């Protein structure tokens with residue numbers, strides 16, 4: 001994500017604020033060393049002190065990694081003269097175009113600018129969850145809110161408004177406890193924001209948070225500024241297909257007459273997704289983490305293909321596909 005962000009803004013000075021709860025010192029040194037190679041990016045490290053509050057949110061939400069909630073309190077830990085900032089999910093986003101227009105998108109009084117959670121459905125307009133529940137909102141609606149009214153892969157945060165309204169970690173802890181203990185809901189960061197604030201966001205153009213798995217005709221025509229590997233698809237660091245493997249999958253799907261195929265109980269794949277994964281790996285190949293994660297991704301991909309009885313190196317006599325004992329790459 002950092003390399004793609006830097007290369008998409010060759011003439012801009014980027015101030016990158018890394019919020020963290022705990023980080024191995026050696027990893028911080030490695031990150032700092034990498035950032036010095038990016039001439040237009042300056043790294044700022046922000047260790048948020050109240051770790052137990054984020055551990056508690058992780059427990060209440062039933063999700064690992066309490067650090068996922070850190071952007072909710074960015075306004076409390078950034079310089080007071082900063083009025084807005086872009087948040088990008090560092091694990092599964094790729095910046096492919098200029099984000100300056102996104103940064104300066106009007107808030108219209110809202111806490112954030114963001115894309116809606118489900119691109120193919122109309123936006124959900126709702127009050128904060130406890131208010132909506134008291135007014136008789138259905139359990140199905142509250143459940144949908146807990147999954148996120150907006151998507152947090154790429155957002156612009158209204159630091160000034162959040163400070164003015166006095167929003168702090170206690171607001172999220174209170175709502176998180178209500179959601180878990182009173183409603184039996186699980187949630188991540190975008191779900192907790194939506195439960196706490198409802199539809200307190202200004203909708204951005206979907207090109208700033210392209211979830212290509214929702215591959216409608218409209219989305220296929222978009223020129224993405226941020227590619228987000230979110231939804232019911234493999235994360236990019238776990239799927240590394242060779243051209244032969246891509247072709248094998250494409251041939252099989254053409255044979256069975258499907259444009260999208262399920263590869264695990266929760267994940268799908270499509271030949272339409274391949275260019276996005278190739279683009280991610282092209283950027284990754286120029287980073288220090290490539291040597292570590294590429295072999296792991298290749299092994300994971302070969303295992304997935306074996307489970308599907310797909311093998312780019314061998315065919316049965318009747319034209320069907322068979323599993324090969326050795327992984328082929």
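The values are calculated or read from the model by the stated rules, or taken from the named source; none is laboratory data. Fair warning: this is a prediction, and the values are worked out from it, not measured in the lab. Positions of Cβ are generated from backbone atoms using ideal geometry, with glycine treated the same way; all protein chains shown enter the neighbour counts.
Taking the condition in contact with a strand residue (DSSP E or B) (Cβ under 8 Å, 6 or more places away or on another chain), closer than 24 Å to residue 191 by Cα and in a strand (DSSP E or B), does residue 94 pass?
Answer is yes for this residue.
Only one residue in 251, 232 is outside any loop (DSSP other than H, G, I, E, B), farther than 22 Å from residue 75 by Cα and either assigned by TED's automatic domain parsing to the domain that holds residue 305 or free of Cβ contacts under 8 Å to residues at least 60 places away in the same chain (or both). Which one?
None of the others qualify; the one that does is 251.
Could you grab me the full set of residues in the range 1-57 that are over 30 Å from residue 96 (Cβ atoms), assigned to a loop (DSSP other than H, G, I, E, B) and at pLDDT 95 or above?
Within the range 1-57, none qualify.
Return only the number of the condition from (1) buried (at least 18 other Cβ atoms within 10 Å of the Cβ); (2) assigned to a helix (DSSP H, G or I) that residue 244 does not satisfy.
(1)
For residue 288, state whether it is closer than 26 Å to residue 37 by Cα, more than 19 Å from the chain's Cα centre (by Cα) and modelled with pLDDT under 95.
yes
Scan the range 254-295 residue by residue and report those that are free of Cβ contacts under 8 Å to residues at least 40 places away in the same chain and part of a helix (DSSP H, G or I).
Hits for the range 254-295 are 254, 255, 256, 271, 274, 275, 278, 282, 290, 291, 292, 295.
Restricting attention to the range 178-193, and to residues there that are under 16 Å from the mean Cα position of the chain (by Cα) and not in a loop (DSSP other than H, G, I, E, B), which single residue is surrounded by the most Cβ atoms within 10 Å (Cβ to Cβ)?
So the residue we want is 192.
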